[in-house]
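Take a look at the structure below.
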Amino acid sequence: MNSKKLIAYSVRLVLYALVILFFGWIIKNHYFDYIFSESSTFLVLMRQHIELVVVSSVIAIIIAIPAGILITRPKFRKAEWVVSIIVNFLQTIPNLAVLALMISVLGIGFKTAVFALFLYSILPIFRNTVAGLDSIDKNLIDAAKGMGMKPSQILFRIELPNAVYSILAGVRTAVVLNIGTAALAYVIGGGGLGVWIFTGIQLFDNGYLLSGAIPVTLLAILADYLLRKLENVLVPKGSRREANT
Amino acid sequence: MIAFNHVTKSFSEDNIAVKDVNLTVEKGHIVVLLGPSGCGKTTLLRMVNRLESISNGEIMINNKNSMELDAIELRRNIGYVIQSNGLFPNMTIEDNVMIVPDLLGWSKQKKRERFTYLMKLIGLDAQDYRKRYPHELSGGQQQRIGVIRALAADPPVMLMDEPFGALDPIIREKIQDEFLQIQREVKKTILFVSHDIDEAIKMADKIVLMRDGEIMQYDTPSEMLAHPKNEYVSKFFGKDRALKSLSLHTVKNLQDIIGLAPIDATIRDTKTIHVHQDLRTTLSMLMNQEADQVVVTNDQDENIGSITIDHVQKYLHFEIKGELSVSQEG
Ligand SMILES: Nc1ncnc2c1ncn2[C@@H]1O[C@H](COP(=O)(O)OP(=O)(O)OP(=O)(O)O)[C@@H](O)[C@H]1O
Ligand SMILES: [Mg+2]
């Protein structure tokens, strides 16, 4: 136990050291200069990037969670396998293919990018919602029903509170992936920090590349952190232990 | 009171779980549904609160046809306990216990008082456990919480599906005793599923022995042990059914019929047994030769005589021949 802790601790120390070295190297080479010299452009791109992520994620959450709830209702259970086939099929389509497909339908621009990102975010959220609801002990539902709870009361008082950990994990996965994938929005004129990343790649300019890529990474880390914090608020205390083990 | 009139449940044409069951559970009685796995005990139980539909026949609860009542309303008036306690992990103990009162819209004050009262019944400190979560309790404690949760809104009828089935024998026995104690106070009409013969004999006012969805015999435990209706029943209870029936009788019963022996004051190594203890315990004490003499004490802790294996054997002999009819009351 103690030696494990020691190893974990030293690994973490090494990682921190590497990160600090990395940033030192970047600053020494003035790779971040664009962020300051072209700060207004940077802020626009950053805002676009966040907008892409937020809009597409919110729509995905609004659609995927209710869809997951609906499909796990007894009436729709029978259709579950059809839906999982569709969902699994969608999952296998690469990001770029989704983007290409969307361009041919919606043309290029912000909307197309949002739509593509939305499609790609739906899957993890939907899957985790279904998995979370499915994993609830059937005896609990039986007990709830036997005590005279209505279906809506069972859903809101028993099922969702006990599935919220899994649902949030799905949202987190979706959002973090989304932040990375949103860099591709540049390809279809959707803006975002992808503009600098791709410029950097095309011009072999590490400055542009890193001024785009590092903020994207930091955004992803920040989103992950915030959503984990949200977990502490939303997951009921009693279910937390089970969820974590 | 619960009455089953020609109740049948078929899941499919060749899967008939309950066949034409007629049964009346009297008010304030514990009726134990007993039988091998798959004989339809759970199905029969779940038809009462309409978790299973009734294919044929009707179930009357306090003279009202269950099908004519609103299912939600009906269930809120019937306590329901299952083997895997069914406590909700996301809720505190208090919230778990107060679910039905909450559904019924009780005031906070009333719920708090009721919770405190119920916790006292099972000997747990209400203040201590209120804000705890189910996973912080032992299996035995969880099961007891499951029981008082079913009692929370004081329903006249309780359905219990192997409520103590998952507990280890020592804890189980303790909780059985505790529950009987509670039942003496609350006097609910209870349908209780079990596949444990000893549990059935101990808990039941009457036992329903089932096979393949049919009732083999419906009788008091002592009747069923003394006069099994057919070979299936006698086989089910086994060759030692006479021995088992001993747990239904107390030293007092024996004393009333054949009397006790005088106390031999010269024997120093004695043990005492209370007059209200059951004969099964007495017999095992005698057989294990824990002492040279077993002295019987009464409520005033006075020694009123001694008891020997001979006494028990004599009593048993009468019992098997059915020459004695002894009330079960201890
Ligand atoms: N939902 C169901 N669908 C189909 N058949 C069922 C269903 N529930 C129970 N059965 C069948 O009905 C019969 C009785 O089942 P039940 O659960 O009532 O038995 P039980 O006496 O409670 O058994 P156990 O002691 O194992 O709990 C069994 O043959 C079982 O397979
Ligand atoms: Mg059963």
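The values are calculated or read from the model by the stated rules, or taken from the named source; none is laboratory data. Nothing here was measured: the structure is a model prediction, and the numbers come from that model. Note: ideal-geometry Cβ built from the backbone for every residue, glycine included; neighbour counts use all protein chains shown.
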Mind listing whichever residues of segment B:246-276 are in contact with a helix residue (DSSP H, G or I) (Cβ under 9 Å, 6 or more places away or on another chain) and of a type in the set (A, V, I, L, M)? B:246, B:248, B:251, B:254, B:257, B:258, B:260, B:261, B:273, B:275
Just the residues that are of a type outside the set (D, E, K, R), in a strand (DSSP E or B), away from chain A (no Cβ under 13 Å) and under 21 Å from residue B:187 (Cα atoms), please, taken from segment B:61-83. B:61
I'd like to verify a number: residues in segment B:5-37 that are aliphatic (A, V, I, L, M), within 28 Å of residue B:182 (Cα to Cα) and either within 12 Å of ligand 1 (Cβ to nearest atom) or not in a strand (DSSP E or B) (or both), how many? 2
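Which ones in segment A:144-169 are touching a Lys or Arg at 6+ places or on another chain (Cβ under 9 Å), among the small types (Gly, Ala, Ser) and assigned to a helix (DSSP H, G or I)?
As a first pass, look at segment A:144-169 and keep what is touching a Lys or Arg at 6+ places or on another chain (Cβ under 9 Å): A:144-149, A:151, A:154-155, A:165, A:168.
Restricting the remaining residues to those that are among the small types (Gly, Ala, Ser) gives A:144, A:146, A:148.
Once the filter is applied, which keeps residues that are touching a Lys or Arg at 6+ places or on another chain (Cβ under 9 Å), among the small types (Gly, Ala, Ser) and assigned to a helix (DSSP H, G or I), segment A:144-169 yields A:144, A:146.
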Being of a type outside the set (A, V, I, L, M), assigned to a helix (DSSP H, G or I) and away from chain A (no Cβ under 14 Å) is the filter here; which residues of segment B:84-121 pass it? B:108, B:109, B:110, B:111, B:112, B:113, B:114, B:115, B:116, B:117, B:120
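Identify the residue in segment B:263-290 that is of a type in the set (A, V, I, L, M, F, W, C) and closer than 23 Å to residue B:244 by Cα and, among all such residues, is surrounded by the fewest Cβ atoms within 10 Å (Cβ to Cβ). Break it down stepwise before answering.
Just the residues of segment B:263-290 that are of a type in the set (A, V, I, L, M, F, W, C), to begin with: B:263, B:265, B:267, B:273, B:275, B:279, B:283, B:285-287.
Keeping just the survivors that are closer than 23 Å to residue B:244 by Cα gives B:273, B:275, B:279, B:283, B:285-287.
Details: B:273: 20, B:275: 20, B:279: 26, B:283: 20, B:285: 17, B:286: 21, B:287: 10.
So the residue we want is B:287.
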Scan A:130, A:44, A:53, A:58 and give me the residue that is assigned to a helix (DSSP H, G or I), at pLDDT 90 or above, in the same structural domain as residue A:163 (by TED's automatic domain parsing) and touching an Asp or Glu at 6+ places or on another chain (Cβ under 8 Å). A:130
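Are any of the residues in segment B:220-238 more than 14 Å from chain A (Cβ to nearest Cβ), more than 23 Å from the chain's Cα centre (by Cα), more than 16 Å from ligand 2 (Cβ to nearest atom) and among the polar types (S, T, N, Q)?
Filtering segment B:220-238 down to residues more than 14 Å from chain A (Cβ to nearest Cβ) leaves B:220-238.
Checking the rest, the ones that are also more than 23 Å from the chain's Cα centre (by Cα) come to B:230-231.
Right, trim to more than 16 Å from ligand 2 (Cβ to nearest atom) and you get B:230-231.
Those left that are additionally among the polar types (S, T, N, Q): B:230.
Yes, segment B:220-238 has at least one match.
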Just give me the residues in segment B:38-60 being more than 8 Å from ligand 1 (Cβ to nearest atom) and more than 14 Å from chain A (Cβ to nearest Cβ), in sequence order. B:54, B:55, B:56, B:57, B:58, B:59, B:60
Which numbered condition residue B:149 fails, given (1) surrounded by 16 or more Cβ atoms within 10 Å (Cβ to Cβ); (2) out of contact with any Lys or Arg (no Cβ under 9 Å at 6 or more places or on another chain); (3) away from every other protein chain (no Cβ under 14 Å): (3)
Looking at B:316, B:260, can you tell me which residue is surrounded by 15 or more Cβ atoms within 10 Å (Cβ to Cβ) and at pLDDT 85 or above? B:260
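In this structure, is residue A:179 within 14 Å of chain B (Cβ to nearest Cβ), of a type in the set (Val, Ile, Thr) and either more than 30 Å from residue A:111 (Cβ to Cβ) or buried (at least 22 other Cβ atoms within 10 Å of the Cβ) (or both)?
Working: within 14 Å of chain B (Cβ to nearest Cβ): no; of a type in the set (Val, Ile, Thr): yes; either more than 30 Å from residue A:111 (Cβ to Cβ) or buried (at least 22 other Cβ atoms within 10 Å of the Cβ) (or both): yes.
No, not satisfied.
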Quick test of your reading of the structure: residue B:210 fulfils all but one of (1) within 18 Å of residue B:286 (Cβ to Cβ); (2) touching a strand residue (DSSP E or B) at 6+ places or on another chain (Cβ under 9 Å); (3) in contact (Cβ under 8 Å) with a residue 60 or more places away in the chain. Name the failing condition by number. (1)
